[in-house]
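Peer 1: Before I ask anything, here is the structure I am working with.
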Amino acid sequence: MLFLRRFLRDDQLERAAAAIYAGFAGQARQPVFYLGFGVPDSVDGRFEMVALHAFLVFRRLKGEGAEIERLTQATYDTMFKEMDLALRELGAADLGVGRRIKHMTEALNGRIQIYEQALVAGDADALKAALRRNLYGTVEIDEPRLGAMAAYIREVAQELGAQETAQLAAGKIRFPAPEKLIS
């Protein structure tokens, strides 16, 4: 794959990783998730939305070869560098940032496992339970919005599956419009 040669240099890898991160983080920040889907508009809620979209993109890129694996790792690293900066901007003390980032990486890894299990099994109830526990962990959520979020996740997984790896690797990620799932 010719397009992968550009990732051989670290500066190009970092730019590509930043573009991928910007793509899914931008999607996660859409107001519809907080206003329509009922995701808590808080530091935790925003982390959960970024983690959810990161999972979906990383899931799609899995198994695409060593260079894409390297790019995925660079994207993961970029994501946590950005979160480190965000925590510092929010006023977290230097000593507390490392601990918080470690907790966030563990949380993301746990989310990846539980969301993947639910999607692979095609188990809508397991996916809703995972969302209730993680994405909506700090609030009560009604069944229609929980169901809409689960439907959105399945739709994103399907949409990403249809996209070319080269486009995704370039950060040109297309997400379905979440608005159409909110009644």
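Peer 1: Out of [x] -0.92, -1.03; [y] -1.01, -1.13; [z] -1.12, -1.23, which label holds the value of log10 I(q)/I(0) by the Debye sum over Cα atoms at q = 0.16, 0.17 Å⁻¹ that was computed here?
Peer 2: Label of the calculated value: [y].
Peer 1: Kindly state, to the nearest 0.05, the FRET efficiency for ARG100 paired with ALA157, given R0 = 25 Å and r defined as their beta-carbon distance.
Peer 2: Efficiency for this residue pair is about 0.30.
Peer 1: Evaluate the charge dipole of segment 7-175 about its Cα centre and quote only its size in Debye, nearest 20, assuming +1 on the Cβ of each Lys and Arg and -1 on the Cβ of each Asp and Glu.
Peer 2: Computed about the Cα centre, the dipole is about 40 debye.
Peer 1: Could you list HIS103, HIS53 in order of exposure, starting from the residue whose Cβ has the fewest other Cβ atoms within 10 Å?
Peer 2: HIS103, HIS53
Peer 1: Next question. Mean-square fluctuation check for the chain, GNM, Cα pairs under 10 Å: which of VAL120, VAL43, VAL57 is largest?
Peer 2: VAL120
Peer 1: Please check the chain for the longest run free of trypsin sites (Lys or Arg not before Pro) that are loop-located per DSSP (anything but H, G, I, E, B) and have at most 13 other Cβ atoms within 10 Å.
Peer 2: Longest site-free region, per DSSP loop and neighbour criteria: 63-171.
Peer 1: Turning to a different aspect of this structure: Determine which lysines satisfy two conditions relative to LYS81: a Cα distance under 22 Å, and not lying fewer than 8 residues away in the same chain.
Peer 2: Candidates past the 8-residue exclusion: LYS62, LYS102, LYS172.
Peer 1: Let me ask you something else. Taking DSSP loops as anything outside H, G, I, E and B, show the longest stretch in the chain free of GluC sites (Glu not before Pro) there with at most 10 other beta carbons within 10 Å.
Peer 2: Maximal segment without exposed cleavage sites: 1-139.
Peer 1: In nanometres, what is the gap between the two model label sites at ALA166 and ASP125, each 7 Å from Cα along Cα-to-Cβ?
Peer 2: About 4.5 nm, to one decimal.
None of the figures in this text is laboratory data; all of them are computed from the coordinates on show. What you see is a predicted model; the values in this text were computed from it and never measured. In this analysis, Cβ positions are derived from the backbone assuming ideal geometry, glycine residues included, and neighbour counts consider all displayed protein chains.
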